[in-house]
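Everything on this sheet refers to the single structure shown next.
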Amino acid sequence: MDNTDMKQIQWFPGHMAKTRRLIASNLSLVDAVVEIVDARSPLSSRNPEMDHMTKNKPRLVLLNKSDLADERTTQQWINYFRRNDSEALAVDCKSGKGLKSILPTLKNTVLKELMDKRERNGMKGAAVRFMIVGIPNVGKSSLINKLAGSKRAKVEDKPGVTRTKQWVKLDNNTELLDMPGVLWPKFEDQSVAVRLAFTGAISDDILDIETLAMKLLSYLAENYPNSLTERYKIELSEEDTGLDLLEKVGKKRGMMISGGEINTERAAITVLDEFRSGKLGRITLEAPPQKEQ
């Protein structure tokens, strides 16, 4: 990660503390937890408190936005989660890719022991209920809309239902509990916060956009140089700093202001927008921990 100085990122709106309590208090209502992460930064986009909050509930991890991530690294992440006792799938909630596998995987793999037990006890048609959790902007709403389609409806008269969560009935024997997005109180590792900022999980309003873009450009120059040369038609040098790269992009795109100065703020916004929309290609910001491979 580029060592350009950047103000420490902390972002924990008050309602997120309430969400943590909601998750803990509603676990008894569900059979499994579906956790959505960003395929471009699977570990950084996981709330590290989630393992503790969801305790021993069976888990399915969905690597969303997989169409924007490096395909080979995504498979490495799937293997990583499976080795660490969580089934995992690569999905894209916008296009719907991979979503048809979610419910069969939940019922036939994640909850196989429970489903077999219910069948033995004559409860084969009993409703399967699962909780959906994830940090903000990771794709929960898109997933729920795709899964529910025209059937989306709030299920009434459930224990503990409040205005800050929602039961959604998918079919006659499947219901999901949608929880608000939740981050964690403090980023001990600022590189985690920066990756979240790259993907837009943290509001741009609290960030130094130009410094953030410089860090992203430095990472891309080191790990995905072709994405920069192909998109921006710039030449890269080993001596380039994040600022050098940002100015090259701005100059190439004709982002000039009076006096021949490069509009680095405009260039920064462009770089971040184009990364987030996939115009720079399929990019992953972190690989699975080495000790787990």
query = In the stretch 177-210, what residues are among the basic types (Lys, Arg) and either buried (at least 22 other Cβ atoms within 10 Å of the Cβ) or modelled with pLDDT of 70 or more (or both)?
reply = Arg195
inquiry  = Within the stretch 130-165, take every residue that is part of a strand (DSSP E or B) and either surrounded by 19 or more Cβ atoms within 10 Å (Cβ to Cβ) or of a type in the set (Asp, Glu) (or both) and give me the one that is modelled with the lowest pLDDT.
reply    = Val133
task = Restrict the check to the stretch 249-269 and report whether at least one residue is within 21 Å of Ser41 (Cα to Cα) and not assigned by TED's automatic domain parsing to the domain that holds Lys140.
result = yes
ask   = Within the stretch 23-107, which helices (runs of 4 or more DSSP H) (wholly inside it) include 1 or more residues that are closer than 29 Å to Val194 by Cβ?
value = 50-54, 71-83
inquiry  = Being over 18 Å from the mean Cα position of the chain (by Cα) and over 24 Å from Glu286 (Cβ atoms) is the requirement here; does Leu103 meet it?
reply    = yes
task = Check whether at least one residue in the stretch 197-213 is assigned by TED's automatic domain parsing to the domain that holds Thr264 and small (Gly, Ala, Ser), and report yes or no.
result = yes
ask   = In this structure, does Thr270 turn out to be among the β-branched types (Val, Ile, Thr), within 30 Å of the chain's Cα centre (by Cα) and in a helix (DSSP H, G or I)?
value = yes
Output for the stretch 219-241, where each listed residue is within 16 Å of Ala267 (Cα to Cα), in a loop (DSSP other than H, G, I, E, B) and either touching a residue at least 40 places away in the same chain (Cβ under 8 Å) or of a type in the set (S, T, N, Q) (or both) = Thr241
task = Filter the stretch 253-264 for residues that are part of a helix (DSSP H, G or I) and at pLDDT below 95 and give the result.
result = Ser258, Gly259, Gly260
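The values are calculated or read from the model by the stated rules, or taken from the named source; none is laboratory data. Only a predicted model underlies this, so the values are computations on that prediction, with no experimental measurement involved. Positions of Cβ are backbone-derived with ideal geometry, glycine not excepted, and every protein chain shown enters the neighbour counts.
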